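A quick write-up on the structure given underneath.
The values are calculated or read from the model by the stated rules, or taken from the named source; none is laboratory data. Please read these numbers as outputs of a predicted model, since none were measured by experiment. As a convention, Cβ positions derive from the backbone with ideal geometry for all residues, glycine included, and neighbour counts pool all protein chains shown. Please note that ligands, DNA and RNA were not included when accessible areas were found on the heavy atoms of the full protein model with its side chains. Shrake-Rupley method; radii C 1.70, N 1.55, O 1.52, S 1.80 Å.
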Amino acid sequence: MNDRINEAELIRYIAGKTKADPKQIALVLKHEQRFLEEAKPGRKGEVDIDLDDLVDYVLSRRDVTLTEPAVEDILEREMDYLMDKGLAGYLD
């Protein structure tokens, strides 16, 4: 997790928006971090992540019991949080 991100605050934010169990949110974020660590940056040094690929990766982890819509919702709310903080954005 990025040093500028308060993980507890992020999890509370996502839980408030999705009503998901904070433990499940933390698990999704852990697997997402692993996926991002393995992603290759493009020519400009940016990592372009396809949400479908990320969701498939998270759902393929044995300890994840959430549904696809639940994982998507968690990841979308995380992106909302990061964009609100000015830490992330979408590529055109």
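Give the residues of segment 49-63 that are at pLDDT below 95 and among the β-branched types (Val, Ile, Thr), sorted by residue number.
Within segment 49-63, 49 is the sole residue that qualifies.
List the helices (runs of 4 or more DSSP H) inside segment 1-86, counting only whole elements, that have at least 3 residues being touching a helix residue (DSSP H, G or I) at 6+ places or on another chain (Cβ under 7 Å) and in contact (Cβ under 8 Å) with a residue 60 or more places away in the chain.
Qualifying helices (runs of 4 or more DSSP H): 7-18, 68-84.
Quick grid of which residues meet (1) under 12 Å from the mean Cα position of the chain (by Cα); (2) open to solvent by 40 Å² or more (accessible area, probe 1.4 Å); (3) acidic (Asp, Glu):
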position	(1), (2), (3)
36	yes, yes, no
39	no, no, no
46	no, yes, yes
80	yes, yes, yes
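Return the only residue of 21, 73, 84 being open to solvent by 60 Å² or more (accessible area, probe 1.4 Å) and modelled with pLDDT of 95 or more.
That would be 21, the only listed residue that is open to solvent by 60 Å² or more (accessible area, probe 1.4 Å) and modelled with pLDDT of 95 or more.
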